[in-house]
Structure formats: structure tokens, C-alpha cells
Amino acid sequence: MKYPNITRAVFLSRPNRFIAEVDVDGHKETVHVKNTGRCRELLIPGCEVWLTAPGTPDRKTRYDLVAVRKSSGILFNIDSQAPNKVVREWLDSQDYGRVIPEYTYGDSRIDFYMEREDEKFLMEVKGCTLEEKGIGYFPDAPTQRGVKHIHELIKAKQKGYKAILAFVIQMDDVSEVRPNRKMHPEFGEAMDEAKEAGVEILFLTCHVEPGSLFIVGQHIAAEL
């Protein structure tokens with residue numbers, strides 16, 4: 001997945017979860033943050049960030065903030081829309097006979113429904129942007145919606161679907177994601193229930209550049 005254009009900037013502040021103030025070549029600019037999560041360990045005054053300009057008419061902000069370099073030197077893609085886009089590209093290369101995004105199942109809308117011969121798959125995608133000591137964690141803020149989706153995957157598995165909870169790791173050199181039990185204990189419990197029920201917990205490792213995000217590997221979680 002590539003962005004059509006990319007501009008380097010310096011992060012100044014985040015007045016609220018939707019916008020940030022950045023410095024672009026000495027000019028202060030208000031930009032849209034494409035991630036409503038907290039990102040407190042990433043968006044620190046003075047850090048290097050990257051912006052893209054969608055060119056949408058009548059926008060209040062010219063740029064979207066999509067990537068940031070952590071103080072450790074690791075580059076993170078923090079665009080919350082990127083995981084589904086990059087997974088769709090990846091699924092199209094995985095020999096599925098059919099791929100349907102935003103599939104309604106039960107009381108939820110699951111990110112992807114797939115078919116391969118006689119098998120039916122449901123996949124929920126989560127983007128991981130929280131890292132500590134080389135390990136990814138999810139979520140970085142409580143998510144009841146995430147818990148609900150996991151419960152739907154468990155029900156689907158019981159009805160014969162191949163159910164997958166996929167984590168797109170939006171940084172290099174991290175290969176696993178653990179539930180952030182301290183932030184949201186219920187999400188961790190739901191992941192435990194899903195694994196016990198046979199839901200596949202899939203880690204999708206990525207390579208990040210300022211203007212792109214690509215899936216480079218995959219493996220199934222052995223433990224949580």
C-alpha cells in the first residue's frame with residue numbers, strides 16, 4: 001500500500017484526538033491524525049512525522065498524519081485505515097476464490113469474508129501501533145467493539161467457519177502481538193476465549209516506509 005505523496009514534518013502538539021499541530025519547513029500547520037488512539041508513546045513534541053495530502057475538496061486540513069518515528073528510531077505507520085487496505089492487497093494474492101470486505105455477520109460487520117473451494121472464512125483485522133521492548137500490544141485504549149467482534153468470530157467458528165483474528169503490525173522488527181491486559185482486561189479475556197475456541201490468531205509482519213506499508217510475513221500465535 002502506497003500513499004500518492006508524502007511530506008516530512010516535525011510534531012508539535014495534539015490539541016485533540018483528531019488533529020495535530022506540526023511544523024512543515026518552518027510553517028505551522030494543523031493536520032488530521034488518521035488514528036483516534038492515544039499514541040502517547042509516539043506523538044512526542046519534536047518527533048519526526050510524515051504527512052500525505054489527499055487533495056479532497058473542501059477539507060478543513062490539507063494533510064493527514066500517517067507515520068511517525070519513535071525515539072527508538074523505529075518507524076510506525078499509524079494510519080488506522082491502512083491495515084484493512086494492506087490486508088485486502090495481501091488477500092488478493094492468497095488464492096481465495098472470493099473476498100468480500102465489510103461483511104455483515106450476526107450483529108457485527110466483520111472486515112473480510114473469504115471463500116476457498118468449500119471453505120468459508122471470516123477475518124477481523126486489527127492494526128497494532130503500540131510496541132514495548134520489541135513486542136506489540138493491542139489495544140492502546142479500551143475497545144468494546146473489538147471485544148464484540150471477537151465474540152462474533154467465536155460464534156462463527158462454532159458454526160463451521162474458519163475464523164481469523166489478524167493483527168497488522170504497523171512497524172518493522174516486531175513479530176508478535178499480545179493483548180494489552182492492563183489497558184483492557186476484557187479484551188485479553190476475549191482473546192483467550194477465542195484461542196481456546198479455535199479462532200486463528202494471525203500476526204502479519206510489515207515493512208514500513210514513510211510513504212508505504214507492506215505485509216512481508218505471517219505466522220499463527222502459539223500463545224498469548
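Of everything in the range 157-190 that's more than 22 Å from residue 106 (Cβ to Cβ) and without any contact (Cβ under 8 Å) to a residue 24 or more places away in the chain, which residue is surrounded by the fewest Cβ atoms within 10 Å (Cβ to Cβ)?
Among residues in the range 157-190 that are more than 22 Å from residue 106 (Cβ to Cβ) and without any contact (Cβ under 8 Å) to a residue 24 or more places away in the chain, the one surrounded by the fewest Cβ atoms within 10 Å (Cβ to Cβ) is 182.
Of all strands (runs of 3 or more DSSP E) completely enclosed by the range 68-165, which ones contain at least 2 residues that are closer than 21 Å to residue 223 by Cα, touching a strand residue (DSSP E or B) at 6+ places or on another chain (Cβ under 6 Å) and of a type outside the set (Asp, Glu)?
So the answer is 119-128, 135-138.
Which residues, counting only those in the range 1-37, are among the basic types (Lys, Arg), closer than 27 Å to residue 216 by Cβ and modelled with pLDDT under 95?
34
Hey, can you tell me all the residues within the range 53-66 that are in contact with a Ser or Thr (Cβ under 9 Å, 6 or more places away or on another chain) and among the small types (Gly, Ala, Ser)?
Within the range 53-66, 53 is the sole residue that qualifies.
Return the residues of the range 177-205 that are outside any loop (DSSP other than H, G, I, E, B), hydrophobic (A, V, I, L, M, F, W, C) and more than 14 Å from the chain's Cα centre (by Cα); say none if nothing qualifies.
Within the range 177-205, 187, 190, 191, 194, 197, 201 meet the criteria.
Return the pairs, sorted by first residue and then second, in which the second residue is of a type in the set (Gly, Ala, Ser) and part of a strand (DSSP E or B), the first residue lies in the range 17-36 and is without any contact (Cβ under 8 Å) to a residue 12 or more places away in the chain, the beta carbons are less than 7 Å apart, and the residues are 6+ apart or on different chains.
Between residues of the range 17-36 that are without any contact (Cβ under 8 Å) to a residue 12 or more places away in the chain and residues that are of a type in the set (Gly, Ala, Ser) and part of a strand (DSSP E or B), the close pairs are 21/13.
Return yes or no: is residue 103 among the hydroxyl-bearing types (Ser, Thr, Tyr) and over 28 Å from residue 70 (Cβ atoms)?
For residue 103, the condition - among the hydroxyl-bearing types (Ser, Thr, Tyr) and over 28 Å from residue 70 (Cβ atoms) - is met.
Take the residues in the range 9-68 that are among the hydroxyl-bearing types (Ser, Thr, Tyr) and surrounded by fewer than 16 Cβ atoms within 10 Å (Cβ to Cβ), then tell me which one is nearest to residue 208 (Cα to Cα).
36
What single numbered condition from (1) touching a Leu at 6+ places or on another chain (Cβ under 8 Å); (2) under 30 Å from residue 100 (Cβ atoms); (3) of a type in the set (D, E, K, R) fails to hold for residue 88?
Residue 88 satisfies all of (1) touching a Leu at 6+ places or on another chain (Cβ under 8 Å); (2) under 30 Å from residue 100 (Cβ atoms); (3) of a type in the set (D, E, K, R) except (1).
Considering only the range 68-127, how many residues are among the hydroxyl-bearing types (Ser, Thr, Tyr), under 21 Å from residue 158 (Cα atoms) and in contact (Cβ under 8 Å) with a residue 12 or more places away in the chain?
So the count comes out to 4.
The values are calculated or read from the model by the stated rules, or taken from the named source; none is laboratory data. Given the structure is predicted, the values throughout are model-derived calculations rather than measurements. Virtual Cβ from ideal backbone geometry, glycine too; neighbours counted across all protein chains shown.
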